[in-house]
Amino acid sequence: APVAGAILIMADFGDAARASTPDLLCSALFLGGLFAYVRKREAATAVLLFLAFMARPDNIVFLAIFAVLLIAFRERAWGALAGFAASFIAYFAISHWAQHPGWWPHLWFSSIEQHYNMDGFDPPFSVAAYLKAFAASVVRAISVNSWVGVSALALAGWFGLNRAGFRPDRRAGILLAALVLGVLAKFAVFPIHDTRIYFPNLLPPFLLIAAPLMALWAAASRGGPRAALQVNSGDKS
């Protein structure tokens, strides 16, 4: 519990809780969907991941990468694939009926220059403007926000456990890859530096390493040999 609390503090949980945005709702649904996926509860996975998308439609980036990895590695997880399919259809419906201004105008007023009247606002795409916004967001993400450091800490934890002999099962490994690539892809597609945008992806990697980490801790406290650990994060029933 203290470790989980520290991770939440580092991930700016307080800011996300105070913000009038659906980030915490999305995170709760997202975490529930991933837990259902790990436990092989396919129907719950589909419903919860779709609801997480409805709370924050930018989750379509993670769901797309997740679906591609599941198909590429031939992992049977129809719940996650169904959640992506439903979200993919809903994404285009929302974009059409909600009169979304489009990717580039949205990125322009979010990361380049604010405009309070979006009627007829359609700036021409500029590679230079995109790269400038990307570089500025990278600097702010590192110097102001915490999600880069929290993500690096999670990857360091996975690397350390790998060196200690821990090998995630296939299902958990695909999920970890999707979480990491999802953050990178979301930032590349829409470079914005706020931690709350990436908050749903920050906690799951730490939960995945919790069991093997506690096993290593217990082995070290007993003074036993550093045996290679093989921990299955999925449901063995």
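Details
- Residue count for segment 131-159 under the criterion of being among the polar types (S, T, N, Q), surrounded by 13 or more Cβ atoms within 10 Å (Cβ to Cβ) and part of a helix (DSSP H, G or I): the result is 2.
- Within segment 23-41, the set of residues being within 19 Å of GLY173 (Cα to Cα) and buried (at least 18 other Cβ atoms within 10 Å of the Cβ) comprises PHE30, GLY32, GLY33, LEU34, ALA36, TYR37, VAL38.
- Under the condition of being within 13 Å of the chain's Cα centre (by Cα), surrounded by 20 or more Cβ atoms within 10 Å (Cβ to Cβ) and closer than 23 Å to ALA133 by Cβ, the residues counted in segment 173-213 number 12.
- Residues located in segment 160-183, provided they are of a type in the set (A, V, I, L, M) and assigned to a helix (DSSP H, G or I): LEU161, ALA172, ILE174, LEU175, LEU176, ALA177, ALA178, LEU179, VAL180, LEU181, VAL183
- For segment 107-130, the criterion of a residue being in a helix (DSSP H, G or I), exposed (fewer than 14 other Cβ atoms within 10 Å of the Cβ) and either more than 24 Å from the chain's Cα centre (by Cα) or modelled with pLDDT of 95 or more (or both) is satisfied by at least one position.
The values are calculated or read from the model by the stated rules, or taken from the named source; none is laboratory data. These figures come from a predicted structure and were not determined experimentally. Counting neighbours? That spans all protein chains shown, and the Cβs are built from the backbone with ideal geometry, glycine included.
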